[in-house]
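Input: a single structure, listed below in structure tokens.
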Amino acid sequence: MAGGQTYAQVSTQASADPTNAKLQGQVATLFKGETLRSMLLNAYGWWTIGVYTTYAGIGLLIAALAVLGALVFELFIAGRKPESVRAAHKIAA
């Protein structure tokens, strides 16, 4: 198509010779092709960002659950003292 020339190159030639129907058709085709390509690349780029943010969100959710588990452990399990230690403190007091 157009001998490997870009839209800008063919458009410049078509502007110089507005009566050339073949160049006008190539300009229209190249414009549509480059526009479609840019839209598809844009959509793919944002899709990729969405995938990465989804993985980041899952990772952060797992990290938050680990922190919640540590908090629950500290509040309910680590603060307990065995009965023998409590009894020894009562006797000593």
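The figures follow:
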{"quantity": "Three-way shape call for the stretch 15-56 based on the alpha-carbon gyration tensor, with the a/c threshold at 1.5", "calculated": "prolate"}
{"quantity": "Carbon/sulfur fraction of accessible area - the chain, other protein chains in place, 1.4 Å, %", "calculated": "69 percent"}
{"quantity": "Positive-pole candidate from TRP46, VAL72, THR6, dipole of the chain, charges at beta carbon", "calculated": "VAL72"}
{"quantity": "Dipole magnitude (debye, nearest 20) for the chain, charges at Cβ of Lys, Arg, Asp, Glu", "calculated": "460 debye"}
{"quantity": "Whole-number percent relative contact order across the chain, with pairs defined as alpha carbons under 8 Å at least 6 apart", "calculated": "17 percent"}
{"quantity": "Helix runs (DSSP H) in the chain reaching 27 Å along axis by Cα, Kyte-Doolittle at least -0.5", "calculated": "21-72"}
{"quantity": "Label corresponding to Rg and Dmax of the Cα atoms in Å when calculated from the structure given, among [x] 12.8, 43; [y] 34.6, 109; [z] 13.3, 42", "calculated": "[y]"}
{"quantity": "Surface accessible to a 1.4 Å probe, per residue, for the residues of the chain, Å²", "calculated": "82 Å²"}
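The values are calculated or read from the model by the stated rules, or taken from the named source; none is laboratory data. The shown structure was predicted, so the numbers you read here are calculated from the model rather than taken from an experiment. Glycine also receives a Cβ, built like all others from the backbone with ideal geometry; neighbour counts cover every protein chain displayed. Areas reflect the complete protein model, heavy atoms only, side chains present, ligands, DNA and RNA absent. Shrake-Rupley method; radii C 1.70, N 1.55, O 1.52, S 1.80 Å.
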